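Have a look at the structure below before the remarks.
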Amino acid sequence: CDDQLSFVPAGMKDSHQMTIFRIIAAILHLGNLEFQAEEDGDSCSISSKDEHLSNFCSLLGVEHSQMQHWLCHQK
């Protein structure tokens, strides 16, 4: 794709380009997550059915439940 060439430095391997695109896509999905505040006001949660969380985890190869936990908890 000609558009692809304008975003990536010349001479970069296709596999590296796909890695960059996968990371960018994951970051964009991360920005679309919907956090719900908990009643205590000090914590939050993310629905386990959030499609953006699923896509984020799939793109980066991380476990869904662990990422759901770490995005809402410091420990």
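The values are calculated or read from the model by the stated rules, or taken from the named source; none is laboratory data. If you're wondering where the values come from, they're calculated on a predicted model, not measured in any experiment. Here the Cβ is made from the backbone with ideal geometry for all residues, glycine too, and neighbour counts use every protein chain on show. Note: accessible area is taken over every heavy atom of the protein model, side chains too, but ligands, DNA and RNA are not part of it. Shrake-Rupley method; radii C 1.70, N 1.55, O 1.52, S 1.80 Å.
Identify all residues within region 34-52 that are outside any loop (DSSP other than H, G, I, E, B) and in contact (Cβ under 8 Å) with a residue 12 or more places away in the chain; write none if there are none.
Residues of region 34-52 outside any loop (DSSP other than H, G, I, E, B): 35-37, 44-46, 51-52.
Answer for region 34-52, where residues must be outside any loop (DSSP other than H, G, I, E, B) and in contact (Cβ under 8 Å) with a residue 12 or more places away in the chain: 35, 44, 45, 46, 52.
Checked against the criterion of being of a type outside the set (A, V, I, L, M, F, W, C), surrounded by 12 or more Cβ atoms within 10 Å (Cβ to Cβ) and either modelled with pLDDT of 95 or more or in a helix (DSSP H, G or I) (or both), region 57-64 has at least one qualifying residue.
Apart from one condition, residue 40 fits all of (1) within 12 Å of the chain's Cα centre (by Cα); (2) at pLDDT below 85; the exception is (1).
Within region 10-26, no residue that is part of a loop (DSSP other than H, G, I, E, B) sits with its Cβ atom under 7 Å from a residue that is surrounded by 12 or more Cβ atoms within 10 Å (Cβ to Cβ) at 6+ positions apart or across chains.
Of all residues in region 65-75, count the ones that are in a helix (DSSP H, G or I) and either open to solvent by 50 Å² or more (accessible area, probe 1.4 Å) or of a type in the set (Lys, Arg) (or both).
So the count comes out to 4.
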